[in-house]
Amino acid sequence: MSLRIAVIAGDGIGPEVIREASRALTTVAAASGRSLSLTEFPWSADHYLKTGETLPKGALAMLQERFDAILLGAMGDPRVPDNRHAADVLLGLRFQLDLYVNYRPVKLFHERLCPLKAVTPPDVDFVVFRENTEGLYVMMGGNFKKDTPDEVATDVDLNTRKGVERIIRHAFEFAVRTGRGRVTMSDKSNVLIHAHDLWQRTFRAVAAEFPKIEARHLYVDNLTLQIVRDPRQFQVIVTSNMFGDIVTDLAAGLQGGLGMAASGNIHPGKLSLFEPVHGSSPPLAGKDVANPMGAILTAGLLLEHVGWAEEARRVEEAVAWAIRNDALTPDVGGRLGTRETGEAIAARLR
Ligand code: IPM
Ligand code: MN
């Protein structure tokens, strides 16, 4: 049966990197004689400014009915000051599709991409599982006496036993499935003595079910230091929504920058959404300089999720090949454009 992918290119460099990710998908499918369809949706800042529409009514049911996966470029545009469209589309899909696993592999493909001294590819190979449906992202809170000298403002860090438990359990199950021996949970339970104590208690309870996996805890400030000091310590990291957001930008730095980092917003067994970690980067848009590798690797994660394991492996291998052969954009020390880099990767996939 044909694999049906909904494509939301989004804003800024989104359309340019998604063009190359789409090229990789259609090429790898053709090379293995499998069928795949890409259907584009215009949801973006342009579309919002033109029509007032962010994520249209009925979009959710339509996507669930007609597609096997969603590929998204990037969302964010300075013309939409509060980025309402991005909140509605990206966060809306994360929450409404209940995509509780934010899967962010951190993998160094070539020594010269890493800013740390004497760090080689086997030293940077871990996965961050970021909780993706609650925490500080729920947008609960408010202002009191707004725009006066007495203003009060709050945002609530909302954590549920169910939400914390399912992401921690997912991290342990992934460790077992992929033969990784250690799971590190990171929180700030020394200060957030209620919400993050829930993480502590839940982590201990779930870890007890996996006696063969080493369970380690680091406060998040120490985690950021340790990732830079010695990334070899990490195999699987599980953390909250906001900390995961911050830690994965830091970790992207070890891989060659944001242009290299891939991610999946996943509900196991259900319709899931795949987007590179980088944003829309408005200053780079339309210049053919954005690095398409993060988006192409993201397309690889999509294939892995829908069970196209061999095609997923081939996409990753083609990116590794391009890096070895200097088919690189300027952000990672190369001279090629977005399109030429994507074409080099597609040529390898053919
Ligand atoms: C990410 C992004 C998003 C987030 C923004 C665009 C809302 O930074 O996917 O990491 O904070 O989750
Ligand atoms: Mn982020």
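Return the single residue from Ala318, Ala153, Ala195 with maximal mean-square fluctuation; model: Gaussian network over the chain, springs between Cα atoms under 10 Å.
Greatest mean-square fluctuation among the candidates belongs to Ala153.
Note down the net charge around Lys212, summing +1 for each Lys or Arg and -1 for each Asp or Glu among other residues with Cβ under 13 Å from its Cβ.
0
Taking the highest mean first, how do the peptides 325-336, 72-83 order by number of other beta carbon atoms within 10 angstrom per residue? Spell out each step's value before the answer.
On the way: 325-336: 16.5, 72-83: 18.8.
Per-residue mean Cβ counts within 10 Å order the peptides as 72-83, 325-336.
Based on the Kirkwood radius over alpha-carbon pairs, what value in µm²/s does the Stokes-Einstein equation return for the translational diffusion coefficient of the range 1-148 at 20 °C and 1.002 mPa s?
Details: Rh = 18.1 Å.
So the translational diffusion coefficient is about 118 µm²/s.
Classify the range 115-255 from the C-alpha gyration tensor, please: rounded if a/c falls under 1.5, else prolate or oblate depending on whether a/b exceeds b/c. Show your work: numbers first, answer last.
Values: a/c = 2.55, a/b = 1.49, b/c = 1.72.
It comes out oblate by the Cα gyration axes.
What dipole magnitude, in Debye to the nearest 20, does the range 115-255 give about its Cα centre under +1 on Lys/Arg Cβ and -1 on Asp/Glu Cβ?
620
Can you give the Rg to Rh ratio for the range 277-350, taking only C-alpha atoms and Rh from Kirkwood? Show your work: numbers first, answer last.
Values: Rg = 12.5 Å, Rh = 12.6 Å.
Across the range 277-350, the Cα-based Rg/Rh ratio is 0.99.
Could you give the longest part of the chain that holds none of the GluC sites (Glu not before Pro) found in DSSP loops with at most 16 neighbouring Cβ atoms within 10 Å? Walk me through the intermediate numbers first.
On the way: sites that count: Glu53, Glu151, Glu209.
That would be 210-350.
With Cβ to Cβ distances under 13 Å as the rule, what net charge do the other residues near Glu310 carry (K, R +1; D, E -1)? Write down the numbers at each step before the final one.
Details: positive: Arg34, Arg313, Arg314; negative: Glu304, Glu311, Glu316, Glu317.
Summing Lys/Arg as +1 and Asp/Glu as -1 gives -1.
Pick out which of Lys107, Lys117, Lys146 has the largest mean-square fluctuation in a Gaussian network model of the chain, springs linking Cα atoms closer than 10 Å.
Among Lys107, Lys117, Lys146, the largest mean-square fluctuation in the Gaussian network model of the chain belongs to Lys146.
Under 5 Å between amide H atoms, partner at least 5 residues away or on a different chain: which partners does Phe210 have, H built in plane at 1.01 Å?
Distant-sequence amide H within range of Phe210: zero hits.
Could you give me the ³J(HN,Hα) list for the range 274-280, computed from phi with Karplus coefficients 6.51, -1.76, 1.60 and θ = phi - 60°, whole Hz, x at Gly and Pro?
Taking θ as phi minus 60°, the curve returns 10, 8, x, 5, 5, x, 7 Hz for the range 274-280.
How much accessible area per residue does the range 51-133 have, counting only protein heavy atoms and a probe of 1.4 Å, in square angstrom?
Details: 3450 Å² over 83 residues.
Heavy-atom accessible area per residue stands at 42 Å².
Over the range 263-304, one equal point on each Cα, no solvent: what is log10 I(q)/I(0) by the Debye formula at q = 0.20, 0.27 Å⁻¹?
-0.65, -0.92
Compare the peptides 54-60, 293-299 by average per-residue count of other Cβ atoms within 10 angstrom and give them in order, highest first. Each step should come with its number before you reach the end.
Numbers: 54-60: 15.0, 293-299: 29.6.
Sorting 54-60, 293-299 by mean packing, highest first, produces 293-299, 54-60.
What number, rounded to the nearest 500 deg cm²/dmol, is the helix-based mean residue ellipticity at 222 nm of the chain, given -39500 (n - 2.57) per DSSP H run of at least four residues and division by all its residues?
-12000 deg cm²/dmol
Where does the chain land on Rg(C-alpha)/(2.2 N^0.38 Å)?
On the way: Rg = 20.0 Å, N = 350, 2.2 N^0.38 = 20.4 Å.
Here the Cα radius of gyration is 0.98 times the empirical estimate.
I need the Kirkwood Rh of the range 11-73: take the reciprocal of the average 1/r across all distinct C-alpha pairs and report it in angstrom. Spell out each step's value before the answer.
Details: mean 1/r = 0.0744 Å⁻¹.
13.4 Å is the Kirkwood radius here.
For Val238, enumerate residues with amide H under 5 Å from its amide H, sequence gap 5+ or separate chain, H modeled in the peptide plane.
Placed amide hydrogens put Phe129, Thr184, Met185, Ser186 under 5 Å from Val238.
Given the C-alpha centroids of the range 112-143 and the range 281-299, what is the distance between them in whole angstrom?
The distance from the Cα centre of the range 112-143 to that of the range 281-299 comes to 19 Å.
Expressed in nm to one decimal, what extension gain is obtained for the pair Asp147 and Thr51 from 0.36 nm per residue of sequence separation less their Cα-Cα distance? Mind showing how you got there, number by number?
Values: separation 96, 0.36 × 96 = 34.56 nm, distance 3.03 nm.
This chain segment gains 31.5 nm when fully extended.
The values are calculated or read from the model by the stated rules, or taken from the named source; none is laboratory data. In this text the structure is predicted, and so the values were computed from the model without any measurement. Neighbour counts run over all protein chains shown; Cβ positions are idealised from the backbone, glycine included. Areas reflect the complete protein model, heavy atoms only, side chains present, ligands, DNA and RNA absent. Shrake-Rupley method; radii C 1.70, N 1.55, O 1.52, S 1.80 Å.
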